[in-house]
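Structure first, commentary second.
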Amino acid sequence: MKPVNLTALKPFIPSGKDFPAAKRFFLDLGFSMNWEAPGLAELQLGAAAFLLQDFHHQDMQDNLMMYATVDDLDAWWKHIQTSGVLTRYAGVRAKAPTDYPWGQREVHLVDPAGVCWHFAAQKPR
């Protein structure tokens, strides 16, 4: 029996204590909002999308990490810096592009809830 292929994967990401601020953070970062319902919003940038949920559980948020690839990691880093999110939102922090021992170059961005986003350059297949 042939397995069915997944066509999308959209994780539910906690907003932390301030759902409206979390939405603004991602919009300021360049995401667009596809739709919004009470306590839930779908955000998208390029082909990647996720569901931002009005949910707060600090232990979970501090241990949740997302991995995303971008076309140009250095351009994405510059965009993060110029977007204003690093100074406009409490708790947000980032680490510049860094080469890691596992052979990946990544930018780390911690969102207002404490979720760590790993952005890496897309490697050729």
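Limited to the range 7-29, what total is found for residues that are at pLDDT below 95 and either touching a strand residue (DSSP E or B) at 6+ places or on another chain (Cβ under 7 Å) or among the aliphatic types (A, V, I, L, M) (or both)?
The total comes to 2.
So if I check each of Leu52, Leu27, Leu64, which one is free of Cβ contacts under 8 Å to residues at least 60 places away in the same chain and in contact with a Phe, Trp or Tyr (Cβ under 9 Å, 6 or more places away or on another chain)? Even if it seems obvious, please write down each step before you answer.
Numbers: Leu27 fails: in contact with a Phe, Trp or Tyr (Cβ under 9 Å, 6 or more places away or on another chain); Leu64 fails: in contact with a Phe, Trp or Tyr (Cβ under 9 Å, 6 or more places away or on another chain).
Just one listed residue meets the conditions, Leu52.
With the structure loaded, tell me whether Thr69 is hydroxyl-bearing (Ser, Thr, Tyr) and without any contact (Cβ under 8 Å) to a residue 24 or more places away in the chain or whether it fails that test. Here the answer is no, as Thr69 does not meet what is asked.
The values are calculated or read from the model by the stated rules, or taken from the named source; none is laboratory data. Because the structure is a prediction, the values reported are computed rather than measured. Here Cβ is always computed from backbone atoms with ideal geometry, including for glycine, and neighbour counts include all displayed protein chains.
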